[in-house]
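Contents: one structure, followed by commentary.
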Ligand code: BT5
């Protein structure tokens, strides 16, 4: 943990204030060094008051993602969030993770970007990622899975995202197979799972997640106004992105562990309970092909089982689902 992270941690556990002398003692550095780090944190946007009576106190936090801060908030996890980096701007956080993956970096590293210039969805679609308005991040995973089983990871991520958003905001998000989180029928988050694999073994998976957090209605581009929303629009208040990111990373870590332990069935049960797709009549568009039917359940790999109009059970592994009204 860096000195800044240790100072932030001490300030947060002592909201009534902690003296420079106590901090110096705890961190085993001089009071002058503490003072200079506090100045640095103030420059990063932390509002830290200092008084002879109370010592140092945090009175305001910046609306910025800081790697040290996220690491301290997160504490110890099994895999996800072992290491966190924040970029001011990237093309796509999935691109950054891909480079790390090729360099042999261990799984669990998370890359956040305050904005992306070429954020992407599936099939090369564009993902808009305005600065400091959302959480745009990617995670490197190296699961011991067959390539076909990686849909399990998308399902697990959607389950974790839904749970975390609900606990943090009180909103009731729903999952739309395979990779959307909806509130009131509008998309608030999407997941892009990219993988590198040999014939029967996954080399690595890049889990890319985009969440619309603090966008106002007038900040959504015209083409998204009807289909997308943000947590701020739905809850009526600004949300701490750092706090939300922490809760989400913890939930993702839990569900990734469940998948690695072979407990996909339990994840799938939670998914089905909160899914806007199961039991509905849907149309699935796969390339030029359209399949209509009733979404029945998930299979063991996370694929969607669809009872078609002709009574056959079709196994769907990709595509865009539209819910019939
Ligand atoms: C997705 O694709 O939903 C996956 C989105 C993943 C984004 C994250 S951000 C961090 C990481 N780095 C990346 O470059 N990507 C990942 P898909 O199901 O194909 O949906 C894409 C469609 O969603 C677009 O065609 C738009 O209609 C819509 N869309 C674009 N930006 C959006 C936004 N910010 N919020 C809601 N919908 C959006």
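The values are calculated or read from the model by the stated rules, or taken from the named source; none is laboratory data. All of these numbers come straight from a predicted model, not from anything done at the bench. Every residue, glycine among them, receives a Cβ derived from its backbone with ideal geometry; neighbour counts consider all protein chains shown.
Key figures
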quantity	calculated
Helices (runs of 4 or more DSSP H) wholly inside segment 27-108 that include at least 2 residues being within 16 Å of the ligand (Cβ to nearest atom) and either in contact (Cβ under 8 Å) with a residue 24 or more places away in the chain or on the phi > 0 side of the Ramachandran plot (or both)	93-102
Residue within segment 202-211 that is more than 8 Å from the ligand (Cβ to nearest atom) and out of contact with any strand residue (DSSP E or B) (no Cβ under 7 Å at 6 or more places or on another chain) present	no
Any hit, segment 186-198, residues being outside any strand (DSSP E or B), in the same structural domain as residue 251 (by TED's automatic domain parsing) and on the phi > 0 side of the Ramachandran plot	no
Matching residues in segment 44-57 - criterion: being at pLDDT 90 or above and either in contact with a strand residue (DSSP E or B) (Cβ under 6 Å, 6 or more places away or on another chain) or loosely packed, with under 13 Cβ neighbours inside 10 Å (or both)	47, 48, 49, 50, 51, 52, 53, 55, 56, 57
Answer from 153, 140 - the residue that is in contact with a helix residue (DSSP H, G or I) (Cβ under 7 Å, 6 or more places away or on another chain) and assigned to a strand (DSSP E or B)	140
Listing of helices (runs of 4 or more DSSP H) fully contained in segment 211-325 that carry 1 or more residues being under 17 Å from the mean Cα position of the chain (by Cα) and within 20 Å of residue 129 (Cβ to Cβ)	231-235, 241-260
